[in-house]
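Visitor: Structure below; questions to follow.
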Amino acid sequence: MNVAVFGASGTIGRPLLAELAGEHHVVAVSRSDRPDTGGVTWKTANATDGDSMARVLEGVDVAYYLVHSLGSADFECEDLRAAETTAREAERAGVKQLIYLGGLGDDSADLSPHLRSRRETGKRLASTSVPVTTLRAAMVIGHGSAAFETIVALVNRLPAMVMPRWVATRTQPVALPDVIAYLSGVCGLEPALGADLDVGGPEVMTYREMIERIARIRGKRPFIVEVPVLTPRISSLWLHLVTPVRAGVARPLIEGLRNETVARDDRIRRLLPIELTPFDVAARTALSRLE
């Protein structure tokens, strides 16, 4: 099949290209020019520009949508414009399937702006006749994941932490290779057309437990005190001081940590019965890449 990957230069896009290239003709799409490599053809387009999207979608059977504007001041508006443009041009081009990586927790009544944007993006992508397969994932454990690398930076730099209430929130982190396996597996998979599928790892834990487990892997024992007074805004600014993540990225991510991100159905496990990677194994692999 002819497959296009939008957001191909990102944390998810890069390994996905390698996975898809063995079976499909792959077009990688980004906003800047890149040389063709490994059987992948690179093209440039802006997801908010209809003309450029029409050019790269011509002849495409399946399109992956991994685009987001996190870090921009008006990321919610930009995400909606990009999703609307992509959906419209995909329908015009006769695309048979759109595959979108969204976020777990976006069914909560009290959504953060980041998770609300992820949910609305999915709705806009599904606003045409093109069937959309949405994979809803929690934190991805892998090199390049801003959320994971924020947690690692906290462990590395702070011997003691005064943490807000979100450290008690439950989550179901998933290894990057497992996300790639699921994304590639739903390509052209008929039972997945039009489906929203929850993607989680084999373990459910709180963010505090995640911090403590990463600390043990790093040979550290941080002292953690939970307090109720740190707002998401203050937390994000504090993270900006002690981690490599910019406040404009950290704030939406941290605000989303108040929402539980746990898989509520296991349909994807039946569709694609892969062996999931344990958290400690995924974390050790990601940490080795960071080093």
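Each value in this text was obtained by applying a stated rule to the coordinates, not by laboratory testing. Not measured: the values here are computed from a predicted model. Here Cβ is always computed from backbone atoms with ideal geometry, including for glycine, and neighbour counts include all displayed protein chains.
Visitor: If you find the alpha carbon centre of the stretch 1-47 and of the stretch 178-215, how far apart are they in angstrom?
Guide: Answer, in whole Å: 21.
Visitor: Also, I was wondering about something else. What ³J(HN,Hα) values, in whole Hz, does the Karplus curve 6.51 cos²θ - 1.76 cosθ + 1.60 give for the stretch 262-271 when θ = phi - 60°, with x put for Gly and Pro?
Guide: With the stated coefficients, the stretch 262-271 comes to 10, 4, 10, 9, 10, 4, 5, 5, 7, 5 Hz.
Visitor: Test of understanding: ordering 53, 210, 205 by Cβ neighbours within 10 Å, fewest first, what list do you get?
Guide: So the ranking, lowest neighbour count to highest, is 205, 210, 53.
Visitor: Next question. Taking amide hydrogens as modeled 1.01 Å from N in the peptide plane, which residues meet the under 5 Å criterion relative to residue 102, leaving out close sequence neighbours?
Guide: 135, 136, 137
Visitor: Starting at the first residue of the stretch 33-50, write each ³J(HN,Hα) from the Karplus equation 6.51 cos²θ - 1.76 cosθ + 1.60 with θ = phi - 60°, in whole Hz, x for Gly and Pro.
Guide: 5, 9, x, 5, 8, x, x, 10, 9, 9, 9, 9, 6, 10, 4, 9, 10, x
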